[in-house]
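Structure record follows, encoded as structure tokens.
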Amino acid sequence: MASCLQASVTSLLPRSSSSSGRRNSKAFRVKAAAKIPMPPINPNDPFLSKLASVAAQSPEKLIARPLNADTPPYLDIFDSPQLMSSPAQVERSVAYNEHRPRTPPPDLPSMLLDGRIVYIGMPLVPAVTELVVAELMYLQWLDPKEPIYIYINSTGTTRDDGETVGMESEGFAIYDSLMQLKNEVHTVCVGAAIGHACLLLSAGTKGKRFMMPHSKAMIQQPRVPSSGLMPASDVLIRAKEVITNRDILVGLLAKHTGNSVETVANVMRRPYYMDAPKAKEFGVIDKILWRGQEKIIADVVPSDEFDKNAGIRSAERV
């Protein structure tokens, strides 16, 4: 750019060898500099902007400059020399990227939460409890009148083989959070609801507790965690705590299922498995979500009425 400016200014100077012409060259250069056509300058490039400003105001600083091998050209006009390069601006095709999402897609639990669905699909370990309680609190804050749907497929505080994976307090924490909600809570069992997960299934709003036709529910006594090399006194303390948790669990299940404490305690002596019809009979759920089943049952006419409409009389009446 500097060479172009120098060539342009030089071409405008008068070709005279007299001393008077050389004395007046400075004034002529200043006058001619205003007529030099300036190329478009990137306003985001401070180096070119500064150079163009100097060329427009004091072109003599850019002409007949001494050569200095130790300093890059034209950097001495800056108070604090900085060489900056501006990247080329590439205009992307709108048609190519018009359908590309501007932000990353949300994770699956967030998408379910947007539909006011809380999915419990793991044993009740601390990380699961933290997430579920936070989601329940958020949904109540978002709208305290809309219902909350809890889908359950969990083995509670134990694994499927009965080994303890979480403290009983994890299940009680979610239960207490449910009891504090102002919203209706619709619970749905979509696989298995074992132990404390069965308690959460039965703790939904009455009339809004559902179960898929091939799901399983099971209630059992809490289990003592592995004692290892603990002293006998510590093992006794843990055993007493487990008995206390068992009594609390029995009382809560009796409350939500409508059975007596003695009935629940009796069936919980050993693992008590229930399919959907049995869970409905025991009071854990209210309805079975078998598509069309309730409508089909409602349309079935009782046998006596069917015989009467068909003109058939029973043998006892003949």
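The values are calculated or read from the model by the stated rules, or taken from the named source; none is laboratory data. No experiment lies behind these values; they were computed from the predicted model shown. Virtual Cβ from ideal backbone geometry, glycine too; neighbours counted across all protein chains shown. When the accessible area is computed, the model is the full protein with side chains, heavy atoms only, and any ligands, DNA or RNA have been set aside. Shrake-Rupley method; radii C 1.70, N 1.55, O 1.52, S 1.80 Å.
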Practice problem: Could you grab me the full set of residues in the stretch 143-170 that are under 20 Å from ALA279 (Cα atoms), among the small types (Gly, Ala, Ser) and either open to solvent by 10 Å² or more (accessible area, probe 1.4 Å) or within 23 Å of the chain's Cα centre (by Cα) (or both)? | Solution: SER154
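For the stretch 115-138, name all the residues that are part of a strand (DSSP E or B) and either of a type in the set (S, T, N, Q) or over 13 Å from HIS196 (Cβ atoms) (or both).
Taking the stretch 115-138 as the starting set, the residues that turn out to be part of a strand (DSSP E or B) are 117-120.
Those that are part of a strand (DSSP E or B) and either of a type in the set (S, T, N, Q) or over 13 Å from HIS196 (Cβ atoms) (or both): ILE117, VAL118, TYR119.
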Self-check item: Residue that is modelled with the lowest pLDDT, among those in the stretch 199-243 that are closer than 24 Å to TYR272 by Cβ, out of contact with any helix residue (DSSP H, G or I) (no Cβ under 9 Å at 6 or more places or on another chain) and aliphatic (A, V, I, L, M)
Solution: ALA239
Practice problem: Could you look through the stretch 190-208, keep only residues that are open to solvent by less than 10 Å² (accessible area, probe 1.4 Å) and touching a Lys or Arg at 6+ places or on another chain (Cβ under 8 Å), and pick out the one that is farthest from LEU131 (Cα to Cα)? | Solution: SER202
Quiz item: When ILE248 is evaluated against the numbered criteria (1) modelled with pLDDT under 85; (2) hydrophobic (A, V, I, L, M, F, W, C); (3) open to solvent by 60 Å² or more (accessible area, probe 1.4 Å), which criterion, by number, is the only one it fails?
Solution: (1)
Quiz item: Would it be correct to say that THR187 is of a type in the set (S, T, N, Q), open to solvent by less than 60 Å² (accessible area, probe 1.4 Å), at pLDDT 90 or above and closer than 23 Å to GLY258 by Cβ?
Solution: yes
Self-check item: Selection within the stretch 261-284 - more than 22 Å from ASP160 (Cα to Cα) and open to solvent by less than 50 Å² (accessible area, probe 1.4 Å)
Solution: PHE282, GLY283
Quiz item: Which pairs do you get when a residue that is aromatic (Phe, Trp, Tyr), found in the stretch 111-125, comes within reach of a residue that is outside any helix (DSSP H, G or I), reach meaning Cβ atoms under 7 angstrom, with the pair 6+ apart or on two chains?
Solution: TYR119/TYR151
Quiz item: If we scan the stretch 214-229, do we find a residue that is outside any helix (DSSP H, G or I), open to solvent by 60 Å² or more (accessible area, probe 1.4 Å), within 20 Å of LEU113 (Cβ to Cβ) and out of contact with any strand residue (DSSP E or B) (no Cβ under 9 Å at 6 or more places or on another chain)?
Solution: no
